[in-house]
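Quick notes on the structure that follows.
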Amino acid sequence: MNSILQKQLATAAKQTEADLVVKNGKIVNVFTREIIEGDLAIAEGMIVGIGRYEGRKTIDAEGRYICPGLIDGHVHIESSMVPPSEFARVVLPHGVMTVIADPHEIANVAGVRGIQFMLDDAKRTPLDVYMMLPSCVPATSFEHAGASLSAAELAPFFNDERVLGLAEVMDYPSLREQHSSMLDKLALAANANRLIDGHLAGLDANAINVYRSARIHTDHECVTADEALERVRRGMYVLIRQGSVAKDLEKLLPAVTEYNARRFLFCTDDKHLDDLWFEGSVDHNVRLAVRAGLDPLLSIQMATLNAAECYRLPTKGAVTPGYDADFLFVEDLETLKISHVFKSGKQAAEQGQATFRSERSACGIEPTLRQSIRCQPVTEADLCIPMRKGNKAHVIEIIPNHLHTNHLVTEVDVRDGAFSPSVERDLLKLVVVERHRGLGIGLGIVRGFGFKAGAIASSIAHDSHHTIAVGTNDRDLIVAIEQLRQQQGGLAVAKDGAVLAGLPLEIGGLMTRKDYTEVLNGLKQIHEALDSLGSSHAFNPFITLSFLALPVIPELKLTDQGLFDVNKWEFIPIEAV
């Protein structure tokens, strides 16, 4: 360490040549939000000087902007359907050098083994993957997860320097009522001087007081500018999310001002691989913010320095001496068109393509992760929704591109004393099959998918990740669900009693070892199959489906144990009187 520091100091003092000098660039200074000029000197992966320098290697920026590497403040890598080693090859070309990941998706399936898998795989990539430990596995007591994590099981992970704290605390009742299991986890993070993330979806201002009193310092669940301001006023950081379903950026930007902007940063939370590849990651957030009228330098500051300071990463988020040599060449700040990406002073991507290959693990994936679909075949009798009192039912209504749902009470079609799906009225059958131990099936009715035929099924169902399916008829529902059982998880589309497309996700039913290009091709086939069902292009049906089993986001959701009213925090019958 002393020899590295000595070399860096000697280079800064111009007593020795730099490893790399970048010339003719316009440096984006995120501290003062101005553009400065000068050579950029790099030694041992760190920026050591701005001025006039000579180096063993020189790169000509050709007048481009030199921007700090972007930081995603909160992401579930599993939602990309590839592990960290392959995820890096997708996001680094988009300028994302650092991510704060919450592995609670795989943790809900495989517990500590899942977390360790993510940490081990992340070592095989130049992407800096920091992690917040899952705080709520399971998310609530109203669903069965594949694992349950206590403070004692989480404690050893704090020995890893990449673990920054405790991830989104979403079980508000346990926090409010001071349940011992939650207090133990909060104390674990506090005693280790680590950070704690929040999850305040649909909660009132008094709940912010409870979260702040627990030393919880972030929230990424704001959906209005007023909500964002309430959190900032109480000292929280607000993560402005733009994912595949939750697209909150345009609604939250009005809350950002010159006076409070340093309390805002960007995140993607959950984003599918095809959206990441074609649309972008946090770079997409920056572009949208600029398009909506935010100053480009302020947008970049939010995506870099603000995120670094929020998560106590003192060498990230700026292009200046003492910081990691993570930077981008950008053609235009308005569109954030990225030509080159440099990680620790070495080129990692050029013109949208990674210039590295992540090291693949020589060992196989353990059986706990490879064999995660343990339910029995589903029958028509399992899918029957009796209607004994009439034809009114509690119905989940999806809101396109939102995690929240509406709770409807409406008339439904009844045949032979049971609910009958109706494509004319857009009332379809929703099914959640407990897949970890084969404990049971939850049934419900949903409006908003607009399918005219067929069914879809997925083993991605936040957060306990059971098999979830929606369909126009029982036959296709059974075919789609069985396809997932046979392929050990993933996505499936069925129509007329046959499988139209399937994408296996053999790692916990969430991810695959396949190259990202193979996954993109598989997703293309899935989308083509969705078209044959009459799917709308206004939102992604699979991603929307994956959140309908999450009982911590209002208003009405379906778990493996039944229909759950999030506002009342209780199960309710499907039939309404």
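Quick note: the coordinates plus some simple rules give every number you see, no bench work behind them. From a predicted model like this one, the values you see are computed outputs, not experimental measurements. Here Cβ is always computed from backbone atoms with ideal geometry, including for glycine, and neighbour counts include all displayed protein chains.
How large is the dipole of region 67-349 about the Cα centre if only Lys and Arg carry +1 and Asp and Glu carry -1, each at its Cβ, rounded to the nearest 20 debye? Walk me through the numbers before you get to the answer.
On the way: 26 positive and 39 negative charges, 131 e Å.
That gives region 67-349 a dipole magnitude of about 640 debye.
Return the tail of the calculated pair distribution for region 326-415, meaning the percent of Cα-Cα pairs more than 18 Å apart. Mind dumping the intermediate values first?
Details: 3022 of 4005 pairs.
In whole percent, the share of Cα-Cα pairs in region 326-415 beyond 18 Å is 75.
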Mean shadow of region 378-432, computed from the convex hull of its alpha carbons, in nm²? 4.6
To make sure I understand, if each residue's beta carbon is the centre and we count other beta carbons within 10 Å, what order do GLU177, GLU331 fall in, fewest to most? GLU177, GLU331
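DSSP beta bridges in the chain, what fraction antiparallel, as a percent rounded to 5?
Working: 73 of 103 bridges.
Roughly 70 percent of the beta bridges in the chain run antiparallel, per DSSP.
Where does each of 149-158, 135-144 land if you order them by average Cβ count within 10 Å, highest first? Walk me through the numbers on the way to the answer.
Numbers: 149-158: 16.3, 135-144: 22.7.
Ranking, from highest mean packing down: 135-144, 149-158.
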re region 67-349: pairs of Cα atoms spaced beyond 29 Å account for a percent value of 28
Virtual spin-label span in nm between VAL423 and ASP184, 7 Å along Cα→Cβ: 5.2
Run through all the Cα pairs of region 140-294 and give the fraction in each 10 Å bin from 0, expressed as whole percent. 10, 35, 34, 19, 2
Quickly rank 424-437, 456-469, 22-35 as a protection proxy: mean count of other C-beta atoms within 10 Å, highest first. 456-469, 424-437, 22-35
Roughly how many debye, to the nearest 20, is the charge dipole of the chain about its Cα centre, given +1 on each Lys and Arg Cβ, -1 on each Asp and Glu Cβ, and no other charges? 700
Does anyone have the angle between helix 282-291 and the longest principal axis of the chain? Alpha-carbon axes, 0 to 90°, nearest 10? 90
Percent RCO, i.e. relative contact order, over the chain, from Cα pairs under 8 Å lying at least 6 residues apart: 15
Jot down the radius of gyration and Dmax of region 495-548, Cα atoms only, both in angstrom. 12.1, 31
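Beyond 26 Å between alpha-carbons counts as too far, so tell me which of LYS271/LYS316; LYS23/LYS316; LYS123/LYS346; LYS23/LYS123 fall in that bin.
Pairs exceeding the cut-off: LYS23/LYS123.
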Applying a 10 Å radius around every beta-carbon, put 271-282, 104-115 in order of their mean neighbour count, most first. 104-115, 271-282
Relative to the longest principal Cα axis of the chain, at what angle does helix 180-191 sit, 0 to 90 degrees, rounded to 10? 10
The answer for THR410, listing residues at least 5 apart or on another chain whose modeled amide H is closer than 5 Å to its amide H, is ALA393, VAL395
Would you please give the residues with an amide H less than 5 Å from that of ILE365, counting only those at least 5 places away or on a separate chain, with H modeled from the backbone geometry? none
For the chain, the longest principal axis of the Cα atoms and the Cα long axis of helix 516-532 enclose an angle in degrees, to the nearest 10, of 40
On a straight-distance basis, which lysines could pair with LYS495 in a cross-link, Cα separation under 18 angstrom, same-chain partners fewer than 8 positions away excluded? LYS429, LYS452, LYS524
Given ALA494, GLY444, LEU550, which one lies farthest toward the positive end of the charge dipole of region 368-571, if we put +1 on the Cβ of every Lys and Arg and -1 on the Cβ of every Asp and Glu? LEU550
Just grab the label-to-label distance for GLU331 and THR315, each label 7 Å out from Cα along the Cβ direction, in nm (one decimal). 3.3
Under 20 Å from a label point 7 Å along Cα→Cβ of SER339: give me every residue in region 23-40 with its amide N that close. 23-29, 35-40
Given 37 °C and 0.692 mPa s, how large is the Stokes-Einstein diffusion coefficient of the chain in µm²/s, with Rh as the Kirkwood radius over Cα pairs? 134
Extension reserve of the ILE4-SER141 stretch, reckoned as 0.36 nm per residue once the Cα distance is removed: 44.3 nm
